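The values are calculated or read from the model by the stated rules, or taken from the named source; none is laboratory data. Treat the numbers as computed from the prediction; the structure is a model and nothing was measured. All Cβ positions, even for glycine, are placed from backbone atoms using ideal geometry, and neighbour counts span all protein chains on display. Accessible surface is based on the protein model in full, side chains and every heavy atom, while ligands, DNA and RNA are left aside. Shrake-Rupley method; radii C 1.70, N 1.55, O 1.52, S 1.80 Å.
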Amino acid sequence: MAKSSNKSSKSKSSKSKASPASTQDQSKEQATIRYAVVGLGWFAQEAALPAFAHAENSELVALVSDDAEKRKQLGKTYDIEQTYSYEEYEDCLTRGDIDAVYIALPNHLHCEFTVKAANQGIHVLCEKPMAITEEECETMIKAANDNGIKLMIAYRLHLEEANLQAIETVRSGQIGEPRIFNSVFTQQVKEGNIRLRKEVGGGTLDDIGIYCINAARYLFQDEPIELFAMSANNGEPRFAEVEEMTSVILRFPEERLATFTCSFGAAPTSTYQILGTKGDLKVEPAYTWQGSLTHTLTVEGESEEQTFESGDQLAAEFTYFSNCILKDEDPEPSGTEGLNDVRIIRALYESIETGKPVAIGQLESKPHPDATQKVKRPPTTDKPDLVHAAPPPGKS
């Protein structure tokens, strides 16, 4: 694989804590945001690291991992001299080489590593789910606000053309009044995978159900008010700590319903459908990070298909977040967006435990994504060699 190009940076050699004023000054001083990627698992290696080649305002300058071989081999591949262990994370933050971190760690570490970065004035792009608990999310938001840094949760589909077009199709009234959302998101997760470990934030809802929850929210452009969930487990040893699958019903204002099933024990499927009073729209695959996505729009019995060609969704994400930093604009997939999803997930597990519907308190209001956020970058053509990491089944 070719090394990603090194981009020139005009930023200062030392960095003090950010503030709203210093963020504005930053946009005048530089045109490139320097990143450390924190956590070097499969997704970071296959999707995130190569993406910097297509993110013209973003530069990869540091790697953080607890695996020395990953640091050595990936540092060599991407010509990165600054590599750090988790214990050396503070050194990475204070050295003056980076402006932002992309956190791709296990879920239970998101809060700790976000707060540490915020306290040093470093902007944070954090993978979803934002954290495991509502309290952790609120701590992350407070740290970002207190230190004047940008905090974005990595909802890449908020920038992706097919999903944004789905929002506009619903808004346009082509399918009439949207009434029903339905989704299936399943895959086979092998025994030993970190997503099957409860203590680190594994489980179907946190890992893949969050996509279905978020899609229902942005397609209805609203927040659920009541929910019910039920999980099932076939007793295989790999599901000793987390559920095999979960089915969910979300009630939205105006008596709209969203349903979905997510599973770690079924053949790979990724699809959603939103049905209105005049027609419906189906998106398949719905949640993928690579490859083309297809819309099937049916109105009054007439169907038409539209295919959206593949793009580099992670490059788009880095480009968007870097622009937010450089222009001193708040990212739409904010900490509040992440907090709302985590609140819903925690309420769903409460429903599973009690066997009863759960009413959700008023979720914090925030803008939902729209077509103005679209960012398209060319797809990555090089397939990186993975170091101590393996793709999930169906992703090779």
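Which value, in nm² and rounded to one decimal, describes the direction-averaged projected area of the C-alpha convex hull of the range 293-396?
12.3
Please give every one of the aspartates and glutamates within straight-line cross-link reach of residue 198, meaning a C-alpha to C-alpha distance under 14 Å, and leave out same-chain neighbours fewer than 8 residues apart.
Within the straight-line cut-off, residue 198 pairs with 206, 207, 241, 243, 244.
Measuring from the lowest to the highest alpha carbon on each principal axis, how far does the range 193-299 reach, largest first, in angstroms?
Between the extreme Cα coordinates on each principal axis of the range 193-299 lie 46, 34, 22 Å.
Pick out, from 224, 240, 297, the residue whose Cα sits farthest towards the positive end of the charge dipole of the range 219-337, with +1 on the Cβ of Lys and Arg and -1 on the Cβ of Asp and Glu.
Positive-end residue among those listed: 240.
Any chance you could give the angle, 0 to 90 degrees and rounded to 10, that helix 68-77 forms with the longest Cα principal axis of the chain?
80
Which value in Å does the Kirkwood hydrodynamic radius of the range 259-303 take, with 1/r averaged over all unlike C-alpha pairs and then inverted?
11.9
Take peptides 296-302, 349-355, 273-279 and line them up by average Cβ neighbours within 10 Å, highest first, as a rough protection proxy.
Final packing ranking: 273-279, 349-355, 296-302.
Just for the chain, what percent of DSSP beta bridges are antiparallel, to the closest 5?
Around 60 percent of the beta bridges assigned by DSSP in the chain are antiparallel ones.
What ranking, highest mean first, results for peptides 42-51, 222-231, 247-256 when packing means the other Cβ atoms within 10 Å averaged over each residue?
42-51, 222-231, 247-256
If you roll a 1.4 Å probe over the range 147-195 with all protein chains in place, what percent of the accessible area is carbon or sulfur?
Result for the range 147-195: 47 percent of the exposed heavy-atom area is carbon or sulfur.
Hey, what angle do you get for helix 161-172 against the long axis of the chain, alpha-carbon based, 0 to 90 degrees rounded to 10?
40
Once both axes come from the Cα atoms, what is the angle between helix 110-119 and the longest principal axis of the chain, in degrees from 0 to 90, rounded to 10?
Long axis of 110-119 versus the principal axis of the chain: about 40 degrees.
In cubic angstrom, how much convex hull volume per residue do the alpha carbon atoms of the chain span?
130
Select from 336, 320, 310 the residue farthest towards the positive end of the dipole of the range 304-346; place +1 on Cβ of Lys and Arg, -1 on Cβ of Asp and Glu, and compute about the Cα centre.
My answer, from the dipole projection, is 336.
Under a 5 Å amide H to amide H cut-off, with H placed in plane at 1.01 Å, what residues pair with residue 260 once short-range neighbours are removed?
183, 248
Name the residue farthest towards the positive end of the dipole of the chain from the options 260, 51, 152, assuming +1 on Cβ of Lys and Arg, -1 on Cβ of Asp and Glu, about the Cα centre.
51
With a 10 Å cut-off between alpha carbons and a GNM built on the chain, which of 304, 332, 191 moves the most?
Greatest mean-square fluctuation among the candidates belongs to 304.
First compute the accessible area of the range 197-257 with a 1.4 Å probe, then give the percent of it belonging to carbon and sulfur atoms.
Carbon with sulfur: 52 percent of the solvent-accessible area.
When the Karplus curve 6.51 cos²θ - 1.76 cosθ + 1.60 is applied with θ = phi - 60°, which whole-Hz ³J(HN,Hα) does each residue of the range 237-250 get, with x for Gly and Pro?
Karplus values, whole Hz, x for Gly and Pro: x, 5, 9, 5, 9, 10, 5, 6, 8, 9, 10, 9, 10, 10.
Too long at a 23 Å Cα-Cα cut-off: which of 116/142; 327/383; 72/327; 128/366; 327/376?
327/383; 72/327
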